[in-house]
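A short worksheet on the structure shown next.
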Amino acid sequence: MGNVQFWRWRRGDWGQRVSDDYILRTVNDTEIQITEHEIGHGFGMPDFYEVPDRPPGGFPMPTIMWAGNSSTITNWDAWLLRYTWSQLKKDTARFPLVPSTNQPMNVAPRAKVTTSYVSPWETVVALNDGLDPAHSNDRTQKVYGNWPEMGTHWVQYDFDLAYTLSQTDVYWFKDGGGIDVPRSYKIEYWDGNAWREVKNANGRGTRADMYNTTTFDPVSTTKIRLQILSSSTASTGILEWKVTGIAL
């Protein structure tokens, strides 16, 4: 902070400019008026220097947030702090509602996506962009495809933290022009040392125009992937891949 002057202020500046000399001189005082005033800004409370900034009916009692009006924090300041935060909480842009991480949810949007191969004109980020397809040849959104490759290819999610995973939902891409649903596929997870196939996988559907849901015994991991085996005549692709999990 150096010699920054604590009294400098301009509209749009939240203040909090207190010199280190002032803090050191007043650190043992019962009341540190200017520091208390500036801390108020840290809680989102405004200045009242200009008349338009003040309540139309005036203040019910002195306030430390109007410099020189009070040398101590008053009961009205305490009310103002509670009121300010009650209004800020209503601003959903400032405080978005975040789903509870202890409830099962689609964690795919939180993952980094990689693949063994993607066609140069397609993109692997289509898998977790959160867009639900209208049908298996929905070209109104990005898609993942691996034409002209055939055989076995994989797509993979890597997470920054561990999740307990128990379900996947795959919406296959089928365009009738070289990309079709797969012959079969496996769901694998990283156990910290090697890839393991999930146990008791129930589902693993390959139907077009719908999400194919597969449930399996819960696994705790930071990585999950699909090993996809194509037919002998077509490549494979995916429009959306959801993974249900709970953060550890």
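The values are calculated or read from the model by the stated rules, or taken from the named source; none is laboratory data. The model shown is predicted, which means the values in this text are computed figures rather than measured ones. Glycine gets a Cβ as well: all are built from the backbone with ideal geometry, and neighbour counts include every protein chain shown.
May I ask you to list pairs of residues, at least six apart or on different chains, whose Cβ atoms are under 6 Å apart, with the first in the range 196-217 being in the same structural domain as D169 (by TED's automatic domain parsing) and the second being among the acidic types (D, E) and surrounded by 14 or more Cβ atoms within 10 Å (Cβ to Cβ)?
Close Cβ pairs (under 6 Å, with a partner that is among the acidic types (D, E) and surrounded by 14 or more Cβ atoms within 10 Å (Cβ to Cβ)) amount to E197/E188; Y211/D169; T213/D169.
Only one residue in L229, L161 is in the same structural domain as K142 (by TED's automatic domain parsing) and over 28 Å from the mean Cα position of the chain (by Cα). Which one?
Details: L161 fails: over 28 Å from the mean Cα position of the chain (by Cα).
After ruling out the rest, the residue left standing is L229.
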